[in-house]
Every structure is written in structure tokens, then in C-alpha cells.
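A short worksheet on the structure shown next.
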Amino acid sequence: GSRRILILSNAIHTDIALPADEDVLAAFGFVSEGGLELDHPGVVWIVFGWGGRSFYLETPTWAELKPGPVFDALTWDSSVMHVRRTGTIPLSLDEVQSLDLSGESFDALVNDIRSSFKSMPRLKPEPIPDAAYDAHDMFFPAKGVFNALVGCNTWTAARLRATRYRTGVWTPLPRMLTWSLALHNTL
């Protein structure tokens, strides 16, 4: 059967939300082992976002925006994976786009997200110590570098291309990704 995922967006960033089903919990068991229990009561979705380390870790709110992380994000920064557990997400919100995937495409997406985490050979990914916004999220080192050309939204688009969805090659802003999905797919 089909599996639903969510694309969550704000003015500059997109995340992918996967259902907190048994297979997803198993695939990302290292997150729970790292201290963020994904099978916590009330968890419905596991949200994944890839981004620049400096910006993500030093800018938890817009009020804390500083020139250094912005400069790093525009030029060259190492990347991190942000993992957040959450409850129900209203599908009627403008910031939420639901996509249905075949079982095979869903598995490919889970594997593709899993492969974005950086780890040593034969070792599980380890969380970044003391890096979290609150008790419901955690950060991990990720593969790749972040800059103005290769950002969070292009990461999301590339993950979607691991499924049956087609996107534009370069989607630097959430709105461009949304338009791209509508243009290249029957939604």
C-alpha cells in the first residue's frame, strides 16, 4: 500500500516528515539510542532536516540571527541532520504538503535519508553533544557541505527524486520546490 510523508516548509527551509511507524523507528533506532526516544508516547511524525551546522546550531530562533552563521550558510559550512519528534501535524496548514509514496519508494526515501547521516564505517551515527533546541530534537553530523547553491531545499528535492516524484534540479527556496513538484508531477 501507499505510505504518506509530509514536506514541511517555512520561508526559507523544508523538512521531510516520516510517520513514526515500526519500520521508521527501526531504521533510525540510533536516534533513540542517542537519547531522543522516537517511540515516546504521542509521537506521530519524525521530522528530518538537513542544513548548515553553523546556522542550525547558532540560530534556534530568528531573534538570534547573527552575521557569522549567515556568512557560513552563504559560503561554505559543514552540514548537520536535525531530527525532531512531533505529534499530529494538521494537513490543512499552508506549510504542509502531503505526498503518497509506494512502499518501494517509501523504503528508498528512508534509506536515502538514513544515508545522509555521517558515521564511521560500521558504526552508528552519533549525536552532536549538547546540540538541541529542546527535549524533542537532536542534531547529528551529516554528509556534504552546505552553501547558497547546495542548501536544505535542494537536499529535500534530491531525497524526493529517490522516490517517484520529480523535481527541478535546483530548488533553493521552498516555494520553488513546491512549484517544481506541481509542475513535474500530478499531485
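Observations on the model:
- For region 129-140, the tally of residues that are over 9 Å from residue 84 (Cβ atoms) and either touching a His at 6+ places or on another chain (Cβ under 8 Å) or buried (at least 17 other Cβ atoms within 10 Å of the Cβ) (or both) stands at 3.
- Filtering region 1-36 to residues that are free of Cβ contacts under 8 Å to residues at least 24 places away in the same chain and of a type in the set (A, V, I, L, M) leaves 25, 26.
- Considering only residues in region 99-116 that are among the small types (Gly, Ala, Ser) and surrounded by 14 or more Cβ atoms within 10 Å (Cβ to Cβ), the one that is nearest to residue 166 (Cα to Cα) turns out to be 105.
- Selection over region 70-104 of residues that are more than 17 Å from the chain's Cα centre (by Cα), more than 21 Å from residue 25 (Cβ to Cβ) and in a loop (DSSP other than H, G, I, E, B) gives a count of 6.
- Residue within region 166-186 that is modelled with pLDDT under 95 and under 21 Å from residue 118 (Cβ atoms) present: no
- Among residues of region 159-174 being touching a residue at least 24 places away in the same chain (Cβ under 8 Å) and assigned to a helix (DSSP H, G or I), the one that is nearest to residue 72 (Cα to Cα) is 174.
The values are calculated or read from the model by the stated rules, or taken from the named source; none is laboratory data. As the structure is a prediction and not an experimental result, all values here were calculated from the model. Positions of Cβ are generated from backbone atoms using ideal geometry, with glycine treated the same way; all protein chains shown enter the neighbour counts.
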